[in-house]
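Before any comments, here is the structure.
The values are calculated or read from the model by the stated rules, or taken from the named source; none is laboratory data. Everything numeric here is computed off the predicted structure, so don't read it as measured data. Because the Cβ atoms are built from the backbone with ideal geometry, glycine has one as well, and the counts that use them run over all protein chains shown. Just so you know, the surface numbers come from the protein's heavy atoms only, side chains and all, with ligands and any DNA or RNA stripped out. Shrake-Rupley method; radii C 1.70, N 1.55, O 1.52, S 1.80 Å.
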Amino acid sequence: MRKEYPSDISREQFEIIRKDIEEVKKKTHPQKYDLYDIFCAALYLLKEGCTWRAIPHDYPNWQNVRYHYDIWAKPDEDGVSLLDRALRKLVEMERKENERSSHTTMIIVDSKSIQNADTAQSKGYDAGKKPSGIKLHIGVDILGLPHAIMITTADVTDRNGAIDMVDYYCDITDNLSLIKKVLVDGGYTGQNFADEIKRISKAEVEVVKRNELHTFSVIPKRWIVERSFGWIDKCRRLWKNCERLLQNSFQMFSLAFIRIILKRY
């Protein structure tokens with residue numbers, strides 16, 4: 001029996017998504033390693049920020065962990081991976097636990113620029129926040145749970161990234177099928193942005209500007225998305241972008257939110 005690590009989830013928590021993971025790959029021979037250990041090894045890499053080769057030896061060998069992770073992170077013909085589907089399932093579960101419907105009617109949108117490590121290939125320069133790397137665009141509900149995630153290069157503006165994100169989730173999935181309001185900060189100001197969001201999703205854009213509050217105050221509901229950023233900042237692998245491809249970066253953020261929600265059960 002291997003040593004337990006702080007990044008591990010319990011076996012009971014893993015059982016929530018075990019069936020989804022087992023069905024992804026056809027069983028042509030007996031499983032050599034326990035999928036629970038493989039999944040926990042991926043979580044170790046995410047939480048501790050190590051390289052694949054530095055995964056502790058009491059986990060399954062790193063090549064096997066990477067092989068399974070690549071299967072879980074690979075998008076299907078609809079552009080949706082197993083990790084994406086598992087995250088959506090967990091978000092719906094958590095909303096029902098909080099006596100809410102499975103689909104949100106409001107999302108709070110924001111972005112965060114992340115500097116690239118030397119291993120990353122895709123990059124752009126964010127002239128506002130200065131880093132050269134990627135940008136995380138996210139839309140969360142009132143509980144801080146993600147309903148939309150998109151990764152772009154850092155030179156993509158907040159407005160364009162948010163438009164592409166909403167367009168993707170309205171076209172490919174039904175995550176945003178019921179949204180009526182998109183809450184944003186002053187960086188998303190502009191009639192063109194509001195018109196485009198309304199055309200795509202029929203949702204109204206509400207802009208909350210700090211200079212309209214007159215005195216220092218926590219911006220209403222805007223703190224929720226900042227808290228979500230705080231949750232994933234506890235994963236050292238996400239402090240810098242180490243992934244060569246944007247799709248790999250996207251899946252790491254999905255895995256981070258999967259761990260956050262599973263830890264609540």
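When the P(r) is computed for segment 48-102, the part past 15 Å accounts for 63% of the Cα-Cα pairs.
I want the antiparallel fraction of DSSP beta bridges within the chain, as a percent rounded to 5.
Of all bridge pairs located within the chain, approximately 65 percent are antiparallel.
Using the structure shown, select from LYS74/LYS123; LYS74/LYS180; LYS32/LYS89 the pairs with a Cα to Cα distance greater than 24 angstrom. Cα-Cα > 24 Å for LYS74/LYS180; LYS32/LYS89; rest within.
Taking the charge dipole of segment 111-155 about its Cα centre, with +1 at Lys and Arg Cβ atoms and -1 at Asp and Glu Cβ atoms, the residue from ALA117, PRO146, GLY128 reaching farthest to the positive side is GLY128.
Going from most exposed to least, what order do THR51, THR189, THR104 have by accessible area with a 1.4 Å probe? Spell out each step's value before the answer.
Numbers: THR51 85, THR189 55, THR104 10 Å².
From most accessible down to least: THR51, THR189, THR104.
Could you tell me the calculated FRET efficiency between ARG11 and ASP174, based on Cβ-Cβ distance and R0 = 35 angstrom, to the nearest 0.05?
Values: r = 31 Å, r/R0 = 0.89.
Taking R0 as 35 Å, the efficiency between ARG11 and ASP174 is 0.65.
Put simply, the Cα atoms of segment 1-145 extend 50, 44, 34 Å along their principal axes, the longest span coming first. More than 36 angstrom separation, counting every C-alpha pair in the chain; what % is that? Taking all Cα-Cα pairs of the chain, the fraction more than 36 Å apart is 14 percent.
About its Cα centre, segment 121-215 has a charge dipole of approximately 240 debye under the convention of +1 per Lys or Arg Cβ and -1 per Asp or Glu Cβ, with nothing else charged.
Each residue, GLU97 and THR119, gets one label point 7 Å from its Cα in the Cβ direction; the gap between the two is 3.1 nm. Listed by number, the DSSP H helices of the chain that run 18 Å or longer by alpha-carbon position along their axis and have mean Kyte hydropathy of at least 1.0 are 35-48, 246-262. The charge dipole of the chain, taken about its Cα centre with unit charges on the Cβ atoms of Lys, Arg (+1), Asp and Glu (-1) only, comes to about 540 debye.
For ARG2, what charge total do you get from the other residues with a beta carbon under 10 Å from its beta carbon, if Lys and Arg give +1 and Asp and Glu give -1?
Values: positive: LYS3; negative: GLU4, ASP8, ASP34, ASP37, ASP58.
Charge balance near ARG2 sits at -4.
Measuring with a 1.4 angstrom probe and ignoring ligands and nucleic acids, SER10 comes out at about 40 Å² accessible.
Multiplying the residue separation of THR105 and GLU204 by 0.36 nm and subtracting their alpha-carbon distance yields 34.6 nm.
Taking every DSSP helix (H) stretch of at least 4 residues in the chain, weighting each as -39,500 (n - 2.57) and dividing the sum by the residue count yields a mean residue ellipticity at 222 nm of -13000 deg cm²/dmol.
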